[in-house]
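Novice: Quick one: the structure is below, questions incoming.
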Amino acid sequence: MKLIIRAGGSMRSGPERDLVDDYLKRANGLTARCGLHSVSEYEIDVKKCKSRSEETQKILSGLSSSSKLVVLDERGKSVTSRQIANQISNAQADGIDSFIFAIGAADGFEPGDIPRGAIKWSFGQQTWPHKLVRVMAAEQMYRALSILAGTPYHRD
């Protein structure tokens with residue numbers, strides 16, 4: 001199974017980019033121990049989109065029917081790191097080919113365009129800059145794999 005971040009927009013070089021890259025590299029170092037294929041990030045160009053609905057559709061387009069989609073949204077459910085690790089483990093056991101964390105563009109997702117069956121998670125009720133959401137998603141992927149691999153990174 002692959003873990004994927006799909007994010008609206010691009011992220012230039014800088015400290016946030018460095019953090020995302022670092023956490024993805026660390027997570028990829030744990031994939032073999034967890035029986036996963038890879039951890040990656042895809043930046044979706046939404047510059048030509050004329051509405052939030054178009055952005056949502058573009059970010060969420062082309063997903064496999066055997067993907068598990070998690071939409072990161074301030075209206076989503078707040079989950080613990082262990083719950084994230086369990087969801088990833090369960091998806092893997094169910095034969096899911098991709099576990100996708102989707103991050104909307106600047107105005108978020110159009111609620112009516114989110115596919116039925118998508119899971120909505122939140123990193124809290126605050127509004128976070130997209131760069132930091134991407135960092136947090138990458139870190140949570142690494143943390144989840146650390147939990148599944150039994151490393152000492154996560155502490156309860």
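Novice: For the range 121-128, state whether one or more residues are in a strand (DSSP E or B) and not polar (S, T, N, Q).
Specialist: Residues of the range 121-128 that are in a strand (DSSP E or B), as a first pass: 121-122.
Subset that is not polar (S, T, N, Q): 121.
Yes, the range 121-128 contains at least one residue that is in a strand (DSSP E or B) and not polar (S, T, N, Q).
Novice: Could you run through the range 87-109 and say how many residues are buried (at least 16 other Cβ atoms within 10 Å of the Cβ) and of a type outside the set (Val, Ile, Thr)? Outline the logic, then answer.
Specialist: Let us first name the residues in the range 87-109 that are buried (at least 16 other Cβ atoms within 10 Å of the Cβ), namely 87-89, 91-92, 96, 98-105, 108-109.
With the extra rule that they be of a type outside the set (Val, Ile, Thr), the set shrinks to 87, 89, 91-92, 98-99, 101-102, 104-105, 108-109.
Residues flagged as buried (at least 16 other Cβ atoms within 10 Å of the Cβ) and of a type outside the set (Val, Ile, Thr) within the range 87-109 amount to 12.
Novice: So is Leu19 modelled with pLDDT of 95 or more and touching a strand residue (DSSP E or B) at 6+ places or on another chain (Cβ under 8 Å) or not?
Specialist: Values: modelled with pLDDT of 95 or more: yes; touching a strand residue (DSSP E or B) at 6+ places or on another chain (Cβ under 8 Å): no.
No: the conditions fail for Leu19.
Novice: Between residues in the range 23-38 that are closer than 11 Å to Ala138 by Cα and residues that are among the charged types (D, E, K, R), which pairs lie under 7 Å by C-beta distance while being six or more apart or on different chains?
Specialist: Tyr23/Glu139; Leu24/Glu41
The values are calculated or read from the model by the stated rules, or taken from the named source; none is laboratory data. Model, not experiment: these values are computed from the prediction. Every residue, glycine as well, gets a Cβ built from its backbone with ideal geometry; the counts of neighbours run over all protein chains shown.
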